[in-house]
1. For the stretch 19-33, give me each residue that is over 21 Å from Asp65 (Cβ atoms) and in a loop (DSSP other than H, G, I, E, B).
2. Among Ala29, Ala82, which is the only one that is at pLDDT 95 or above, more than 19 Å from Asp104 (Cβ to Cβ), of a type in the set (A, V, I, L, M, F, W, C) and surrounded by 11 or more Cβ atoms within 10 Å (Cβ to Cβ)?
3. Tally up the residues in the stretch 85-106 that are over 22 Å from Arg48 (Cα atoms), modelled with pLDDT of 95 or more and not hydroxyl-bearing (Ser, Thr, Tyr), please.
4. Assigned to a loop (DSSP other than H, G, I, E, B), over 18 Å from Ala133 (Cα atoms) and touching a residue at least 12 places away in the same chain (Cβ under 8 Å): does that describe Pro61?
5. Any chance you could count how many residues in the stretch 64-79 are modelled with pLDDT of 90 or more, hydrophobic (A, V, I, L, M, F, W, C) and under 13 Å from Leu130 (Cβ atoms)?
6. Please state which one of Thr68, Thr93, Thr36 is crowded, with 16+ Cβ neighbours inside 10 Å and over 24 Å from Ser126 (Cα atoms).
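The values are calculated or read from the model by the stated rules, or taken from the named source; none is laboratory data. Given the structure is predicted, the values throughout are model-derived calculations rather than measurements. Neighbour counts are summed over all protein chains in view; Cβ atoms, including those assigned to glycine, are modelled from backbone coordinates with ideal geometry.
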Amino acid sequence: MAYVQCRPGLEIALRSDIIQDRNVQILTASFPGHPTTTIINMYNDKDRKNDRASKIIRQLPLALDQPTIITGDWNMHHLLWANQDRVQHDQETTEMVEWLTQHDFRLINTPGKATYLGHTRNRSLSVLDLTFAN
């Protein structure tokens, strides 16, 4: 679900022609005089081992030569955004960071700024909600 403040000339389109998945939503935003921007909102469900949103996104026919924003709950840990001495990450995270780098995406978040407070007894802080743009 997405909310948009209507403005004259602004057109938002749900791109269900690209993907229909409960964990990925793609919108395009068009406004006269500006390039069309693709907005990808994802929930990277760590329990979906073989079809995580991060893997699905890398396989989509996206027009990465136009402005693109990828945002959501990534459920991934990496030094690029955790800004800690030691962070353990898996192969999927490594592959996603390589893909983002290859396509000139940059982290919009402030590295190290927590976006999640754990529910366990120690209430640890993590950086899981991320936004990248090319």
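1. If the condition is that a residue be over 21 Å from Asp65 (Cβ atoms) and in a loop (DSSP other than H, G, I, E, B), then Gln20, Arg22, Asn23 are the ones that fit.
2. Result of the check over Ala29, Ala82: Ala29.
3. Number satisfying all stated conditions: 5.
4. No.
5. 3
6. So the residue among Thr68, Thr93, Thr36 that is crowded, with 16+ Cβ neighbours inside 10 Å and over 24 Å from Ser126 (Cα atoms) is Thr68.
One line per residue, one yes/no per condition, for (1) free of Cβ contacts under 8 Å to residues at least 24 places away in the same chain; (2) in a strand (DSSP E or B); (3) of a type in the set (Ser, Thr, Tyr):
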| site | (1), (2), (3) |
| --- | --- |
| Tyr3 | yes, no, yes |
| Gly9 | yes, no, no |
| Asp17 | yes, no, no |
| Pro35 | no, no, no |
| Asn41 | no, yes, no |
| Arg48 | no, no, no |
| Gln88 | yes, no, no |
| Glu92 | no, no, no |
| Glu95 | no, no, no |
